[in-house]
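What follows is a single structure, and I will ask about it in a moment.
The values are calculated or read from the model by the stated rules, or taken from the named source; none is laboratory data. Just so it is clear, the structure is predicted and the values come from calculations on it, not from any experiment. Please note: Cβ atoms are built from the backbone with ideal geometry, for glycine as well, and neighbour counts cover all protein chains shown.
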Amino acid sequence: MNALRTALSRSRLPLLRSSAVITAKPITAAHRRPFASTTPAATATAAMSKLSADTVLEHVRNRRTYYGLTKSLGDLTPARVEEIVKESLKHVPSSFNSQSNRVVVLFGAHHDKLWDLTAETLRAIVPAEQWPSTEQRIAGFKAGAASVLFFEDDAVVRHMQEQFAIYADRFAPWAGHSSAMLQLVVWTALEAEGLGANLQHYNPLIDDKVRKEWEVPETWRLTAQLVVGARNGGPGAPGQEKTFKPFSETYKSYGA
Ligand SMILES: Cc1cc2nc3c(=O)[nH]c(=O)nc-3n(C[C@H](O)[C@H](O)[C@H](O)COP(=O)(O)O)c2cc1C
């Protein structure tokens, strides 16, 4: 792992676009900011950034899984949902700014169709005794108002692999990371506006049907489905409180 890191850190510089190297200016004392400053402007900036971090964290905390959903979008219009998804899609980072994320949003009858074709797919493979619970679960997703389908474009991944052979085996997981970032932002943003949502993974079972139904390009690979609607009930599975591992198990810091 360390050897890989060393190899990557050594190899990264020559791969930077030459313009980035040419325009980079040496860091001088004037460029360096002190860690703390007592100027009024610095204090105001610090106060603002504290406030804005708290706002972000509040939304991070508030994002939950809501299974009970209705066909309403609450106070939101489909156009507002699209705006939120598109802004997220545009600004979420990707490795080397490769922009591998792709999204299809399904409203109304198209959302219903997605869950009908998912039910149809599962009906053919789920054991008969499990079908009633599966059918009920899918009906719960269909009861929502919209579905956001997340894809990774494998053509972008392949292009990056060709461009930067040294990272060839990294681009697929990095595209996955970028997709996960996008999923979290969209999920968090829609819930910040009062909607509920839950994240599903019926890929790859439904990929072919989705591709055919909504003319999805061959190279787009489905990674997740976010089901969205007005909340009908509280977060999480009924009767289950969300639990948290202690930081003593999950977190370390040094030098603070
Ligand atoms: C990568 C990932 C995959 C998930 N897959 C599913 C899924 O297929 N079906 C589902 O109902 N929830 C899925 N979830 C939701 C998690 O179960 C849920 O986020 C977790 O239990 C924490 O609950 P919360 O979302 O209310 O905070 C997934 C979440 C993540 C991050």
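Going by the structure shown, is F107 more than 16 Å from the ligand (Cβ to nearest atom), under 19 Å from N232 (Cα atoms) and within 20 Å of the chain's Cα centre (by Cα)?
When the stated conditions are applied, F107 passes them.
Tell me which of these T250 doesn't satisfy, since it passes every other one: (1) more than 21 Å from V185 (Cα to Cα); (2) free of Cβ contacts under 8 Å to residues at least 60 places away in the same chain; (3) under 20 Å from the mean Cα position of the chain (by Cα).
T250 satisfies all of (1) more than 21 Å from V185 (Cα to Cα); (2) free of Cβ contacts under 8 Å to residues at least 60 places away in the same chain; (3) under 20 Å from the mean Cα position of the chain (by Cα) except (3).
Still on this structure, I have one more. Does G140 satisfy being surrounded by fewer than 18 Cβ atoms within 10 Å (Cβ to Cβ) and in contact with a Leu (Cβ under 8 Å, 6 or more places away or on another chain)?
In short, yes.
In addition: Based on what the data block shows, is K142 of a type in the set (K, R) and closer than 19 Å to S179 by Cβ?
So K142 fails the test.
Right, here's the next one. Could you please give the count of residues in the stretch 97-136 that are surrounded by fewer than 16 Cβ atoms within 10 Å (Cβ to Cβ) and in a helix (DSSP H, G or I)?
15
Within the stretch 57-74, does at least one residue satisfy the condition of being surrounded by 12 or more Cβ atoms within 10 Å (Cβ to Cβ), of a type outside the set (S, T, Y), part of a helix (DSSP H, G or I) and more than 16 Å from the ligand (Cβ to nearest atom)?
No, there is no match, as no residue in the stretch 57-74 is surrounded by 12 or more Cβ atoms within 10 Å (Cβ to Cβ), of a type outside the set (S, T, Y), part of a helix (DSSP H, G or I) and more than 16 Å from the ligand (Cβ to nearest atom).
Then there is this: Would you be able to say whether some residue in the stretch 155-171 is within 13 Å of the ligand (Cβ to nearest atom), at pLDDT 95 or above and among the charged types (D, E, K, R)?
Within the stretch 155-171, not a single residue is within 13 Å of the ligand (Cβ to nearest atom), at pLDDT 95 or above and among the charged types (D, E, K, R).
Then there is this: Would you mention how many residues in the stretch 209-247 are surrounded by 13 or more Cβ atoms within 10 Å (Cβ to Cβ), under 19 Å from A155 (Cβ atoms) and away from the ligand (no atom under 13 Å from the Cβ)?
Final tally of qualifying residues: 7.
Taking the criterion of being in a strand (DSSP E or B) and buried (at least 16 other Cβ atoms within 10 Å of the Cβ), would at least one residue in the stretch 166-182 satisfy it?
Looking only at the stretch 166-182, we keep the residues that are in a strand (DSSP E or B), and these are none.
No: the stretch 166-182 contains no residue that is in a strand (DSSP E or B) and buried (at least 16 other Cβ atoms within 10 Å of the Cβ).
Across the stretch 191-208, what is the number of residues that are within 13 Å of the ligand (Cβ to nearest atom) and in contact (Cβ under 8 Å) with a residue 40 or more places away in the chain?
So the count comes out to 9.
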